[in-house]
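Here is the structure we will look at.
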Amino acid sequence: MSTGSGSGRRRLPLSLRRRPVPWEHQRPTWREARPAVIAGALKRAQARPSGNWYVVGASRDAGGDRPLARTVAGQDVVLWRDAAGRPVAGPGICPHLGAPLRDSPVRCGTLVCHWHGLALDGGSFAGWEPFPAYDDGVLLWVRLDAVGGEAPLEAPVVPRRPDPARALTAVYTGVGVCEPEDVVANRLDPWHGAWFHPYSFVDLTVAGAPDGPDGGAEGFAEDGFTVDVSFKVAGRLVVPVRAVFTAPEPRTVVMRITEGEGAGSVVESHATPLGPDDRGRPRTAVVEAVVAASGRPGFALARGAAPLLRPLVRAAAGRLWRDDLAYAERRWSLRSTGRFPG
Ligand code: FES
Ligand SMILES: [Fe+2]
């Protein structure tokens with residue numbers, strides 16, 4: 001441990017904040033967090049192709065004796081693994097008399113309808129047409145061309161990730177009353193970090209933000225936000241990192257740690273539209289994958305690096321997402337009633 005600061009701070013995994021700044025005395029960020037900058041980044045994200053792929057869950061959610069069932073943009077989708085372990089997906093409505101396939105069992109890679117025994121192996125059958133499915137090793141995706149309306153892509157836009165052999169992976173899912181763009185807009189506002197989540201983040205500075213219509217920023221090649229921030233470990237103990245936020249496709253925001261402990265780690269926030277609730281309001285799932293890397297190889301990872309990576313993993317979960325979903329829901333509620341100030 002060290003009490004390092006200044007130029008050396010990023011070489012040291014942990015530091016002790018010498019003079020913690022009270023929450024209300026930190027520097028206000030609202031002047032820099034210009035609504036037009038966030039809106040511009042969101043617009044460019046929305047213009048990127050997704051190929052109609054939607055994240056439906058974690059890779060480990062499929063493979064049991066029940067299908068993974070999701071409603072995506074109002075469409076019932078079931079996904080399971082075939083006999084070879086490959087993901088297969090399709091509509092969640094049995095083509096015979098409409099049984100909900102989410103309640104049907106998977107037997108030896110075949111989904112067997114529990115009403116009259118119709119068996120689906122993942123191929124077209126009796127009017128049931130499969131959806132392309134993709135397992136990227138962490139997350140499962142389904143391609144819904146009728147929903148997306150874009151030119152289909154062979155595979156989803158999967159963010160670059162650290163080597164799984166040197167990584168800890170965790171996936172969290174939350175649901176909010178909002179649209180995917182509200183979730184993406186929340187993640188494209190890095191300035192709220194230390195103000196809105198003081199329990200997780202301190203000393204946040206946005207070192208680079210897009211400042212042109214093409215998303216370029218002075219000194220930074222990518223269309224993204226470069227953020228210097230410290231994750232709180234305990235008390236005054238923090239892990240300072242530099243992170244870059246980018247949106248590789250319309251419903252994904254990636255935070256990649258580029259300097260500091262866990263460099264190379266990513267937190268991917270994927271927004272999937274579910275469909276309306278019983279009051280007709282849109283619901284969106286946030287599926288967040290943390291792929292936390294350490295320079296420490298192999299089996300030592302869990303024991304040696306977990307204490308330092310845990311704040312990163314925890315940062316993605318629980319309280320943080322409750323607050324961020326509240327932000328996204330607030331944004332939707334104001335937008336949908338013409339009251340959004342941005
Ligand atoms: S409803 Fe599925 S087999 Fe009859
Ligand atoms: Fe947040």
For TRP332, TRP191, the accessible-area ranking with a 1.4 Å probe, largest leading, is TRP332, TRP191
For segment 171-276, the accessible surface attributable to carbon and sulfur atoms (probe 1.4 angstrom, ligands and nucleic acids excluded) amounts in percent to 55 percent
Dividing the helical contributions, -39500 (n - 2.57) per DSSP H run of n ≥ 4, by the residues of the chain yields a 222 nm value, nearest 500 deg cm²/dmol, of -5000 deg cm²/dmol
So the carbon and sulfur contribution to the accessible area of segment 53-148, 1.4 Å probe, in percent, is 50 percent
Computed over the chain, protein heavy atoms only, probe 1.4 angstrom, the accessible area per residue in square angstrom equals 46 Å²
Per the 1/(1 + (r/R0)^6) rule, R0 = 56 Å and r from the Cβ atoms of HIS114 and GLU24, FRET efficiency to 0.05 is 0.45
Accessible-area order for HIS114, HIS197, largest to smallest, probe 1.4 angstrom, reads HIS114, HIS197
Segment 140-206 and segment 220-276 have their Cα centres apart by a whole-number Å value of 9 Å
The helix 35-47 Cα axis meets the longest alpha-carbon principal axis of the chain at an angle in degrees, between 0 and 90 and rounded to 10, of 30 degrees
Counting only protein heavy atoms and leaving out ligands, DNA and RNA, the solvent-accessible surface of GLU222 at a 1.4 Å probe, in Å² to the nearest 10, equals 90 Å²
If one compares the long axis through the Cα atoms of helix 318-335 with the longest principal axis of the Cα atoms of the chain, the angle in degrees, nearest 10, works out at 80 degrees
With every protein chain kept in place and a 1.4 Å probe, the residues ILE257, ILE93 fall, from largest accessible area down, as ILE93, ILE257
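The values are calculated or read from the model by the stated rules, or taken from the named source; none is laboratory data. Here the structure is a predicted model, which means the values were calculated and not measured. Don't worry about glycine lacking a Cβ; one is built from the backbone with ideal geometry, like all the others, and counts go over all protein chains shown. Only protein heavy atoms, including side chains, enter the accessible area calculation; ligands, DNA and RNA are left aside. Shrake-Rupley method; radii C 1.70, N 1.55, O 1.52, S 1.80 Å.
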